[in-house]
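Working notes, beginning with the structure itself.
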Amino acid sequence: MTHPLIPILGNVKRWVLASMALGMAMSVLAQDQMFTQFNAAPTSINPAYVGVSGRARLASLYRTQWAGLPQAFTGFHMAYDRPTLDKKIGYGFLMSNEQAGAGALNRYQFMAQAAYKVRLGHRVDFRPALQMGIGGRSIHVGRLTFMDQILRDFADVTLEQGIGASTNYVDFGSGFLLLSRRFWMGASANHLTTPNVSLNSSLPEKLRILYTCHGGARIQLVRGPKANLQRDVIVSWKYIRQGDRDQLDVGAYYDLSLFTLGVWYRGLPVQRALDGSMDVDALSFVFGFGTGDLNMGYSYDVTLNRLGALGSAGTHELSMKYMWNVSRKRDPQPPYHPCVEY
């Protein structure tokens, strides 16, 4: 015989998990989304990557975060970029959409990007870049459950006031990239105008400037005739800071001609989180494969923080990228692009 308290406790647990997931998702939407497979669509972190490969590129990313929790977070990103025929200028666009709370909270952005190549030496390129566009946030109040509804025996309508339906803003960013045959390093700054993204006109909320530093190196292991037996190790890192929040990602790839295996660690264990625990976030496993023109990838993030103990089921991410030539002439000096290509 089922104890009469079991259904009540089950509902309490479900609503606690939903509230935690929704609260974290709202925090995510107040910041910028970050993808595990950012190397598959690098213009998402730095506009200086547009046109860097010397080919046209169409890339997409889809992320399901904390898949085991109700009303979790999903994000979609798509980007296109290509160089001009002389390979000196790269241009493109990106657009993204994030949803949380069973689609109740939404954020989007559309950015145009451009970069210019400056050759500093025989094997070093410098690429400054700019981006500009629009963004927006919206909320569907009818899909959310507020605390006053729970306290009033799950009432259909909330008593919360002052929440608007949507807001839009203009946004700007910049970045640079330093490239050689074996290493790269770059930095970018987004939301330079710190736009107001609040959905409540009486409570302004500035979108803080997002600072990103990143880099890496390609270590050659084996090269066969015409690079058919290419085997390299790629080490990479990314550090971001936005407001009082920061994050460090460190990873490595084993890169072969047809597929790539990678592992990433996310966290800053040298500092403490707000609750006093070690600042650790996730361990990510990445698998990419493709023919050089069409590439696909999958990653899974194992949650290492307290959310993992609640059964978050980790984070899944899919990527797809298609590249093609835009110039019939053979480039006597191919672009330097040591980044991972899956």
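The values are calculated or read from the model by the stated rules, or taken from the named source; none is laboratory data. It should be emphasised that the depicted structure is a prediction, and the values quoted were computed from it without experimental measurement. All Cβ positions, glycine included, derive from the backbone under ideal geometry; neighbour counts span all protein chains shown.
Overview of values
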item	result
Selection within the range 312-330 - loosely packed, with under 12 Cβ neighbours inside 10 Å and modelled with pLDDT under 75	328, 329, 330
Count - residues of the range 184-208 that are under 21 Å from residue 235 (Cα atoms) and either among the charged types (D, E, K, R) or out of contact with any Gly (no Cβ under 7 Å at 6 or more places or on another chain) (or both)	0
The range 280-308, subset part of a strand (DSSP E or B) and of a type in the set (Asp, Glu), residue modelled with the highest pLDDT	301
Residue satisfying all of: in the range 32-65; assigned to a helix (DSSP H, G or I) and not β-branched (Val, Ile, Thr); surrounded by the fewest Cβ atoms within 10 Å (Cβ to Cβ) among these	38
Segments classed as strands (runs of 3 or more DSSP E), wholly inside the range 200-279, with at least 2 members that are within 25 Å of the chain's Cα centre (by Cα) and at pLDDT below 85	259-272
Residue that is farthest from residue 141 (Cα to Cα) [pool: residues in the range 83-97 that are out of contact with any Phe, Trp or Tyr (no Cβ under 7 Å at 6 or more places or on another chain) and surrounded by 16 or more Cβ atoms within 10 Å (Cβ to Cβ)]	87
Residue check for residue 186: at pLDDT 95 or above, out of contact with any Lys or Arg (no Cβ under 9 Å at 6 or more places or on another chain) and of a type outside the set (Ser, Thr, Tyr)	no
